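Undergrad: Shown below is the structure under consideration.
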Amino acid sequence: MSLNGKTAIITGSNSGIGLGIAHELAKAGAAVVINSFTDRDEDHAIAKEIADTHGVSARYIKADMSKPEECRALIDQAGACDILVNNAGIQHVAPIDQFPPEKWDAIIAINLSSAFHTTAAALPKMREAGWGRVVNIASAHGLTASPYKSAYIAAKHGIIGMTKTVALETAEEPITANAICPGYVLTPLVEAQIPDTMKEYDMDRETVIREVMLKRQPSKEFATVEQMGGTCVFLCSDAAAQITGTTISVDGGWTAL
Ligand code: NAD
């Protein structure tokens, strides 16, 4: 599964799943572009660590995925774009009648619309290179719903629909588009939900993890960022050249229930 000679852009890759994917793609030989909206010294250090660890080129490019022009500028600045991983995402939890409209807009912009803008900018580059892979990080929440996550669930269902459309529009070309649907992975995004859930249910941390989060995940284990990265490498490999327009669930059986 060598990705030597390929360049991968991973949006939202200075932590969590995006960082795990960046490591696995780099381990497979791809040059990687790390992105976030922050532009701290640590962000550049992450790129350097990936380059040093895997012996590939790695650099950091700042772009705020809530801004259409920055989404497109990220792809332009990166130069080549053989592999595009749309991973940037945020979450907000509230009943729909109390859901702040600005949070709705931010979630739709970062979790869904950014993938439209980056894909639109990346496809001409993939066509020029004669090869391309679009991998969208959706969610088990793109296939199922749960209360209080209306914007997130709408965005994740939306990105799966968009993935299928991109797959059909590129079906006769050496380009594929697929979505990965993670179940729970213990990243900063999930960590941030634990304190409020502890308060809401009057439970300690371990009980929240066991009885609220992993209750939905039949394996009773968190999936890992390395597993998301490995799935992404597979989707980029020649073995997956005929896999397009589909979703791969990495969710410990969540969506089998
Ligand atoms: P995380 O908080 O660790 O990562 C989110 C990433 O998005 C960070 O790198 C952050 O810098 C970036 N980001 C946020 N806003 C941005 C913006 N405006 N511009 C650019 N980058 C921005 O969380 P994670 O769990 O690793 O989430 C990554 C993806 O995986 C998200 O799309 C999330 O919805 C999805 N996902 C996560 C889980 C899980 O259990 N952790 C499950 C299903 C899907």
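Undergrad: Could you check the simple spin-label distance between Leu168 and Asp76, using points 7 Å along Cα→Cβ, in nm with one decimal?
TA: Placing both labels 7 Å along Cα→Cβ, they lie 3.1 nm apart.
Undergrad: How do His44, His141 line up, fewest other C-beta atoms within 10 Å first?
TA: His44, His141
Undergrad: Okay, moving on. Which FRET efficiency value, to the nearest 0.05, is calculated for Met203 and Ala145 with the Förster distance at 22 angstrom and r the Cβ-Cβ distance?
TA: Rounded to the nearest 0.05, the efficiency is 0.45.
Undergrad: Extension gain Glu191-Asn4, at 0.36 nm per residue separation less the Cα-Cα distance, in nm? Please list the in-between numbers first.
TA: Numbers: separation 187, 0.36 × 187 = 67.32 nm, distance 3.45 nm.
Stretched fully, the Glu191-Asn4 segment lengthens by 63.9 nm.
Undergrad: Shifting gears a bit: If you rank Ile209, Ile137, Ile96 by fewest surrounding Cβ atoms within 10 Å, what's the result?
TA: Numbers: Ile209 20, Ile137 27, Ile96 11.
Least to most surrounded, the residues fall as Ile96, Ile209, Ile137.
Undergrad: Would you calculate the separation in nanometres between label points at Ala256 and Arg40, each defined as 7 Å from the Cα along the Cα-to-beta-carbon direction?
TA: 3.9
Undergrad: While we're looking at this one, here's another question. Quick check: the angle from helix 68-78's long axis to the longest principal axis of the chain, C-alpha only, nearest 10 degrees?
TA: Helix 68-78 sits at roughly 40 degrees to that axis.
Undergrad: Which value in nm describes the separation of the simple spin-label points at Gln98 and Phe116, placed 7 Å from the Cα toward the beta carbon?
TA: 3.1
Undergrad: From the backbone phi of segment 45-59, what are the Karplus-calculated ³J(HN,Hα) couplings (6.51 cos²θ - 1.76 cosθ + 1.60, θ = phi - 60°) in whole Hz, Gly and Pro given as x?
TA: Running phi through 6.51 cos²θ - 1.76 cosθ + 1.60 with θ = phi - 60° gives 5, 4, 4, 5, 5, 5, 4, 5, 6, 10, x, 10, 7, 8, 9 Hz.
Undergrad: What does the convex hull of the Cα atoms of segment 169-229 come to per residue, in Å³, rounded to a whole number? Mind showing how you got there, number by number?
TA: Numbers: hull volume 7.6 nm³, N = 61.
Considering the Cα atoms of segment 169-229, their hull volume per residue is 124 Å³.
Undergrad: Still on this model: Which FRET efficiency value, to the nearest 0.05, is calculated for Ala239 and Lys48 with the Förster distance at 35 angstrom and r the Cβ-Cβ distance?
TA: Step by step, r from the Cβ atoms, then E = 0.65.
Undergrad: Going out from 0 in 10 Å bins, what whole percent of all Cα-Cα distances in the chain drops into each bin?
TA: Binned Cα distances yield the sequence 8, 32, 37, 19, 4, 0.
Undergrad: May I ask you to give the average projected area over all directions of the convex hull of the Cα atoms of segment 87-151, in nm² rounded to one decimal?
TA: Projected area, direction-averaged: 4.9 nm².
Undergrad: Taking the Cβ of Thr224 as the centre, find all other residues whose Cβ is under 15 Å away and add up their charges (Lys, Arg: +1; Asp, Glu: -1). Each step should come with its number before you reach the end.
TA: Working: positive: Lys27, Lys220; negative: Glu24, Glu191, Glu221, Glu226, Asp251.
Value of the local net charge: -3.
Only the coordinates and a few stated rules stand behind these numbers; no lab work does. Model, not experiment: these values are computed from the prediction. Here Cβ is always computed from backbone atoms with ideal geometry, including for glycine, and neighbour counts include all displayed protein chains.
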